[in-house]
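Worksheet for the structure shown next.
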Amino acid sequence: MKASYLRAAALCAICCIAGAAQAAETTLLFNRGALAPLGIEVLDECGGCVAQRERADYREQRYAAVDAASLRWSGRPGRFGALLAGAVRHQGGPRLRLSSGERLDLAGFQLRRRGSARMGLELADAAGEVWFQLDHAHAYVAEDGALSLQHMDMRVSEVLAQRLGRPQWTGVLVGGVQTEGLAAASADMASKAAGACPLQWPSVAAQADVEMLRLALNWEERQPDGVNFYRCGRSDGLGGHSRACSADSEDGLVVLAPDASLRNAGSAAVAWYAKFSPPAPPYANDQHPFLVWNLYRLDADGQLVQIAASAAKHAFHTINAVCDCAQGHVLFPGCEDTYGGFSNDYPSGLAPRSEIIPYTAQWGRCGSLYDKDCDGLRDSDEGLLPDDAYNRAKRLAVRESELLPSRHVGARWFLEYWYVVRDDANPWNNIGLMQIEPQKVRGQGLDPNAYVWRFEVNDFRRGSMLDRWLDMAPAGAWQRRSLVSTPQGRALLATRVTRRGDGRYAYAYMVFNLDLTLTRTSGQEPNLRVEQNLGVERFAVFTDPQALIEAQDFAAVADTGTSWSVARDNTRVAWTRGSSTPLGWGLTFRFGFVSDFAPRDSKAHLGAAESIWHAATFAPLRDWEPVSRPRPAANAADLSSTVGARAE
């Protein structure tokens, strides 16, 4: 049996417990993978909840509100402004047990405005003690003025962190909160005119341009976006990862994702409809962006490797902050939006990248994880997969061994993330890059040996990881940035050559496949099916036949088992995937070798099926070739070139 997923059900874009009524209610979604090693257990007895269920690592408990009208809000009709003072109490409440054995009975819990925050809430018990703080809310305004705050992050409060004996755990993400109809409009709402924003879709005259921010300007506490840890598990031999990570474990899978904030810096609106919404302008489908993220390690010797990749997160709603436009399904020019860590991990919003045509940002709904039989309705299994909480078809799950500073002395780690947006005029300012510091921290709980991971953000900037890598080149290095731009998508080739102490030259070629695929489809939107989404299958560099080529290098995404073969002939060094995995969209592979010949201007080939695309690069060639001088400092912009493509 399936449930219709129409515009009226937009509040369920991330999660709904089946059979939910339209009465004022709150759903608490506890991430047990994050709670358990902190020493917090959510008991099976939900304390008078309306409904309860398990989804992946989340335990969901829904409670009825007692006095929803006691929390009010101000703004304009259809446009949220700010919460007013007040609180909403509930019937029943969750029951928690701490590692000390202490039990917390949150019966009669309340949601109330946090201080003077515009839309920040806190979850307090009946006596007023605050146990969780809530942020990154999306406001939904009903026609009758009832306000629902959805997709909120639930974080450990200062009081709870102190009770656990770990004050540094204040603000740790442990789940999410959804409300329905918990705040009523203030009495003077009818006298206020609603903001009207002109709707102009992308065209020759107007362009959409989504750019990544680290902080949406309206967020109530000015806290920059960060990187969230969700769980760390080791294989249990039964197809799952139920064993806790320990002090000396290296085989655990660590699941993480960023918060994400953005702005429409263009002059055209961007469609932002939840999946399975009725077909809507301008593409006659349920068009929305997709968030993806990659994790990299830059080792002390300058070698860069991608160590993990996410699936794709379906966006579903925009708050349209910092502008006078109504929230909903259109991101207007000048408006901002934000997504917190909870919504970027919840299982019903995640899906494989292979379902998406990246260059056009089209989702192949038919045959997808959520509509396997192509009937236009969301499948009753809601896309759940075996070992869903760690399944790489839906999560960025990185092996602990790739994160341990003790194993990678002097290394640095980076998280790259961006939205795939249809008709985005400039995808490069849509990429955010955070330098992060992984830390493994002792936990507490039923397993006294359990450990958790934390990720401190040391730097944020816009641009790809390869552009940052070029920026960090040592003085005297040769390097070049070449953009391959084709009707099927784009790829970035970053070349670096350094002279070694023995007089030879180390050549490194990094290929970031932004959105280059050979795609085969059937059907038309909204009933589109992606039959094939083929990435890059070959990479070759043209070299001198007399050049010594040795120490050939290849690195795909770590822990994926991907291995390409390499061969040398009189004109080139070539890597081919054979039966292994292609360089899929959004991923970065490394190629390289050592040669006795100095670098000269040359070209590289990228290929898939019968197509070949060219890119400018450096390679070992004899002196009669034109030579580009070594760069005195690291600046990727001054050696950038864009090349076209042809099929052969």
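Within segment 63-77, residues that are hydroxyl-bearing (Ser, Thr, Tyr) reach partners that are open to solvent by 50 Å² or more (accessible area, probe 1.4 Å) and part of a loop (DSSP other than H, G, I, E, B) with beta carbons closer than 9 Å, at six or more positions or on different chains, in the pairs Tyr63/Gly48; Tyr63/Val50; Tyr63/Gln91; Ser74/Leu84; Ser74/Asp188; Ser74/Lys192.
Residue pairs whose Cβ atoms lie under 6 Å apart, separated by 6 or more positions or on different chains, with the first residue in segment 576-588 and under 13 Å from Leu534 (Cα atoms) and at pLDDT 95 or above and the second among the polar types (S, T, N, Q) and not in a loop (DSSP other than H, G, I, E, B), are Leu583/Asn513; Trp585/Asn513; Leu587/Asn513. Which ones in segment 309-341 are in a loop (DSSP other than H, G, I, E, B), under 12 Å from the mean Cα position of the chain (by Cα) and modelled with pLDDT of 95 or more? Result: Ser310, Ala311, Ala315.
At least 1 residues being free of Cβ contacts under 8 Å to residues at least 40 places away in the same chain is the threshold, and among the strands (runs of 3 or more DSSP E) wholly inside segment 440-549 those reaching it are 451-462, 489-499, 518-522, 529-534.
Every condition in (1) closer than 25 Å to Arg468 by Cβ; (2) open to solvent by 30 Å² or more (accessible area, probe 1.4 Å); (3) modelled with pLDDT of 95 or more; (4) not basic (Lys, Arg) is met by Phe591 except one, and the failing one is (2). What is the residue count in segment 398-439 for residues that are touching a helix residue (DSSP H, G or I) at 6+ places or on another chain (Cβ under 8 Å), part of a loop (DSSP other than H, G, I, E, B) and under 28 Å from Thr360 (Cα atoms)? Number of matching residues: 1. Scanning segment 76-110 for residues that are among the hydrophobic types (A, V, I, L, M, F, W, C) and in contact with a helix residue (DSSP H, G or I) (Cβ under 7 Å, 6 or more places away or on another chain) returns Ala87, Val88, Leu98. Within segment 42-58, being open to solvent by 20 Å² or more (accessible area, probe 1.4 Å) and either within 21 Å of Leu121 (Cα to Cα) or aromatic (Phe, Trp, Tyr) (or both) holds for one residue alone: Cys49.
Among what's in segment 481-504 and is within 18 Å of Asp301 (Cβ to Cβ) and surrounded by 21 or more Cβ atoms within 10 Å (Cβ to Cβ), pick the residue that is farthest from the chain's Cα centre (by Cα). Going through the qualifying residues, I end up with Val497. Being in contact (Cβ under 8 Å) with a residue 40 or more places away in the chain and of a type in the set (Val, Ile, Thr): is that true of Val130 here? Answer is no for this residue.
Okay, residues lined up against (1) more than 22 Å from Gly489 (Cβ to Cβ); (2) of a type in the set (A, V, I, L, M, F, W, C):
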| site | (1), (2) |
| --- | --- |
| Ile356 | no, yes |
| Trp363 | no, yes |
| Ser368 | no, no |
| Asp375 | yes, no |
| Asp379 | yes, no |
| Glu382 | yes, no |
| Pro386 | yes, no |
| Asn391 | yes, no |
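One residue stands out among those in segment 444-462 that are open to solvent by less than 40 Å² (accessible area, probe 1.4 Å) and in contact with a Leu (Cβ under 8 Å, 6 or more places away or on another chain): the one that is nearest to Ser99 (Cα to Cα), which is Gly445.
Results for (1) assigned to a loop (DSSP other than H, G, I, E, B); (2) among the hydrophobic types (A, V, I, L, M, F, W, C); (3) under 28 Å from Arg365 (Cα atoms), shown as yes or no for each residue.
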| position | (1), (2), (3) |
| --- | --- |
| Gln200 | yes, no, yes |
| Ser203 | yes, no, yes |
| Cys232 | no, yes, no |
| Asp251 | yes, no, no |
| Leu256 | no, yes, yes |
| Ser261 | no, no, yes |
| Ser267 | yes, no, no |
| Tyr283 | yes, no, yes |
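If the condition is being without any contact (Cβ under 8 Å) to a residue 40 or more places away in the chain, open to solvent by less than 50 Å² (accessible area, probe 1.4 Å) and assigned to a strand (DSSP E or B), then segment 86-102 contributes only Ala87. Sort out which residues of segment 275-289 are in contact with a helix residue (DSSP H, G or I) (Cβ under 7 Å, 6 or more places away or on another chain) and under 19 Å from Pro347 (Cα atoms), and write them in order of number. Answer for segment 275-289, where residues must be in contact with a helix residue (DSSP H, G or I) (Cβ under 7 Å, 6 or more places away or on another chain) and under 19 Å from Pro347 (Cα atoms): just Ser277.
Listed here are the residues, each with its yes/no results for (1) surrounded by fewer than 19 Cβ atoms within 10 Å (Cβ to Cβ); (2) on the phi > 0 side of the Ramachandran plot; (3) outside any strand (DSSP E or B).
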{"position": "Ala206", "(1), (2), (3)": "yes, no, yes"}
{"position": "Gly239", "(1), (2), (3)": "yes, yes, yes"}
{"position": "Gly302", "(1), (2), (3)": "yes, yes, yes"}
{"position": "Ile307", "(1), (2), (3)": "no, no, no"}
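If you go through segment 355-397 and keep only what is outside any loop (DSSP other than H, G, I, E, B) and farther than 27 Å from Ile307 by Cα, you end up with just Arg378. Taken as a whole, the condition of being assigned to a strand (DSSP E or B) and in contact (Cβ under 8 Å) with a residue 24 or more places away in the chain does not apply to Arg118.
The values are calculated or read from the model by the stated rules, or taken from the named source; none is laboratory data. Note that the structure is predicted; figures quoted are calculated from it, not measured. We place every Cβ from the backbone using ideal geometry, glycine too, and count neighbours over all the protein chains shown. Surface accessibility is based on the protein's heavy atoms, side chains included, excluding ligands, DNA and RNA. Shrake-Rupley method; radii C 1.70, N 1.55, O 1.52, S 1.80 Å.
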